[in-house]
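Only the coordinates and a few stated rules stand behind these numbers; no lab work does. On a predicted model such as this, the values are computed, not experimentally measured, just so you know. Virtual Cβ from ideal backbone geometry, glycine too; neighbours counted across all protein chains shown.
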Amino acid sequence: MEDKNGEIGGFFGFFVLRFKLLHVVETNAIFYLYRAMILTYFMVAWLRVNTQTILTIATHVITKNHRIGVTHSDHRTWYLHIRDVRESDAGDYMCQINTDPMKSQIGYLEVVVPPDILDYPTSTDMVVREGSNVTLKCAATGTPKPNITWRREGSELITLGNGQEVMSVEGPLLNITRVNRLHMGAYLCIASNGVPPTVSKRIMLIVHFPPMIWIQNQLVGAQEGQEMTLECLSEAFPKSITYWTRDNDETIAEGEKYEPVLLDNAYKMHMKLTIRSVSQEDYGTYKCISKNSLGSTDGSIKLYHIPTTTTTVKTTTTTTTTTTTGIPAVTRAEKRQRSRQRVTPSVEPRANEITGASKATANKEDIRQHRGRANDEAAATKKAAVNTGRKNSNSHSTNNNNKNLEQRLDMQRDKTAQSRSSVAASAVSSMRNSEPIRNAMMVSAISLIVLFCYMTKLIAMKN
């Protein structure tokens with residue numbers, strides 16, 4: 001039978017024999033493996049079943065194994081001790097009582113052992129050529145038998161032969177087909193069996209391949225005096241020798257003019273060449289070269305000249321020539337009329353801003369100004385006519401002057417009509433505001449009619 005303490009035993013006449021079943025981890029500590037509880041006084045012996053070896057009789061140790069010991073408590077409870085327990089100590093042990101007939105009980109000792117990775121046949125660091133196949137091996141011992149798991153260092157994914165990427169692979173073998181540079185790195189073989197601690201071994205996979213170069217910009221432009229940096233990306237393993245050359249294959253050394261820089265990370269290299277204060281002699285083709293034991297390669301970058309852009313601002317001067325034809329009075333009248341045309345549009349907006357009595361006063365002032373301008377125009381026209389008559393009697397160019405006079409008179413009629421329309425419009429606007437303003441506008445209109453009649457007579461006299 002088995003009790004709640006995990007002990008197996010039975011009644012044998014005048015005594016009870018019990019065994020405590022133990023699972024012992026291999027260690028240097030001292031453990032009692034079995035105990036026998038004896039109800040009456042009898043001789044007790046401990047034996048190793050699988051080797052038929054007597055270990056102890058009563059309080060005496062028979063075996064020559066110094067790790068074996070025996071103790072008791074009032075001759076009622078007997079203990080078998082095994083120090084520095086080893087995996088080889090696992091097996092069946094017997095407690096025997098010298099009754100008649102002899103009584104005995106057998107118990108099993110299980111020794112569990114934490115995992116341990118063997119140096120052989122476990123793989124060591126491996127070097128392979130790109131494109132080949134590789135198998136990594138991991139062997140481990142322990143009780144129970146350990147489980148093997150493969151992972152990449154840094155939690156990187158493992159790429160299998162079919163292109164599938166996984167976090168881990170179970171089993172003692174890790175097969176990788178068509179190895180490339182992306183497979184390069186550390187792989188961890190992890191062994192565990194539920195008995196701490198879990199152990200692992202780091203295996204480096206090194207992939208050799210010839211240099212390769214990538215250039216992002218193969219055509220680069222720069223102005224004179226500018227600082228320019230040329231760049232190449234290279235991959236190679238073993239690490240390659242890198243340098244820069246010019247058109248004539250002359251190696252570029254570091255100096256005041258050039259500064260080559262190399263930034264490397266594992267099998268990747270970033271090549272830079274800085275050219276300070278670019279001059280005409282610096283334009284041309286540059287090569288970045290990478291070499292290792294498996295081969296060499298290069299890439300070209302052409303540096304071309306970008307001309308400086310100059311912006312020219314042209315200034316154009318315009319000359320205006322004014323010709324005056326022999327009637328000063330008419331010319332002055334035209335100037336006055338043009339001045340009035342520029343001033344006239346501002347009358348209505350100003351009048352719109354004036355309200356009440358102020359608006360009426362402004363309209364009266366405008367009427368007086370228009371009346372004065374009309375009188376000036378009439379006087380100028382009369383004087384021009386008189387002068388023209390005098391010239392007709394004294395000069396052979398009378399006909400030409402008459403033609404000019406006709407043109408001036410036509411222009412004057414048009415301008416007078418425009419002025420009359422402007423004055424009439426202003427007068428109508430003013431009449432709407434007050435009665436005195438309407439009367440003034442009527443007077444102005446009568447004056448314009450008289451002027452128009454006078455002009456008509458002059459034209460008739462001419463004809």
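Within the range 200-278, list the GluC sites (Glu not before Pro) lying in a DSSP loop whose Cβ has at most 12 other Cβ atoms in a 10 Å radius.
Listed in order of number, the matching sites are GLU227, GLU250, GLU254, GLU256.
If we count every other residue with Cβ under 15 angstrom of GLU254's Cβ, Lys/Arg +1 and Asp/Glu -1, where does the sum land?
So the surrounding residues net to +1.
So what's the Cα pair-distance distribution over the range 114-209, bin width 10 Å, in %?
17, 49, 27, 7, 0
Filter LYS64/LYS145; LYS257/LYS287; LYS103/LYS145; LYS257/LYS302; LYS239/LYS287 down to the pairs with a C-alpha to C-alpha distance above 26 Å, please.
Distance filter (> 26 Å) returns LYS64/LYS145; LYS103/LYS145.
Taking amide H positions as placed 1.01 Å from N in the peptide plane, with prolines and chain starts having none, which residues 5 or more places from MET204, or on another chain, fall under 5 Å of its amide H?
ASP125, MET126, TYR187
If Lys and Arg each add +1 and Asp and Glu each add -1, what is the summed charge of the other residues whose beta carbon sits under 14 Å from the beta carbon of GLU156?
Every neighbour counted, the sum reads +2.
Under a Cβ-Cβ cut-off of 15 Å, what is the net charge of the residues other than SER296 that fall near it, where Lys and Arg count +1 and Asp and Glu count -1?
Within the 15 Å Cβ shell, the charges total 0.
Mind giving me the nanometre distance, one decimal, between the label points for HIS75 and LEU182, set 7 Å out from Cα along Cα→Cβ?
Those two pseudo-labels are separated by 8.0 nm.
With only alpha-carbon atoms counted, please give the Rg and Dmax of the range 44-109, in Å.
Spelled out, the Cα radius of gyration and Dmax of the range 44-109 are 11.6, 36 Å.
Give me, ordered by chain and number, the residues 5 or more places off LEU55 or on other chains with an amide H under 5 Å from its own placed amide H.
Those qualifying (amide H under 5 Å, at least 5 residues apart or on another chain) are TRP46, LEU47, ARG48.
Kindly state, to the nearest 0.05, the FRET efficiency for ILE62 paired with LYS145, given R0 = 35 Å and r defined as their beta-carbon distance.
E between ILE62 and LYS145, to the nearest 0.05, is 0.50.
If you stretched the chain out fully between ASP92 and ASP247, how much longer would it get, using 0.36 nm times the residue separation minus the C-alpha to C-alpha distance?
Stretched out fully, the ASP92 to ASP247 stretch lengthens by 47.2 nm.
How much length, in nm to one decimal, is gained on full extension between ALA445 and MET126, taken as 0.36 nm per residue of separation minus their Cα-Cα distance?
103.0 nm
Any idea what the alpha-carbon Rg over 2.2 N^0.38 Å comes to for the range 216-305?
Normalised Rg, Cα atoms only: 1.08.
Estimate the FRET efficiency between MET167 and GLN280 by the formula 1/(1 + (r/R0)^6), using the beta-carbon distance for r and 51 Å for R0, to the nearest 0.05.
The value I calculate is 0.30.
How many nm separate the modelled label positions at GLU153 and HIS270, each set 7 Å beyond the Cα in the direction of the Cβ?
Between GLU153 and HIS270, the label points sit 2.3 nm apart.
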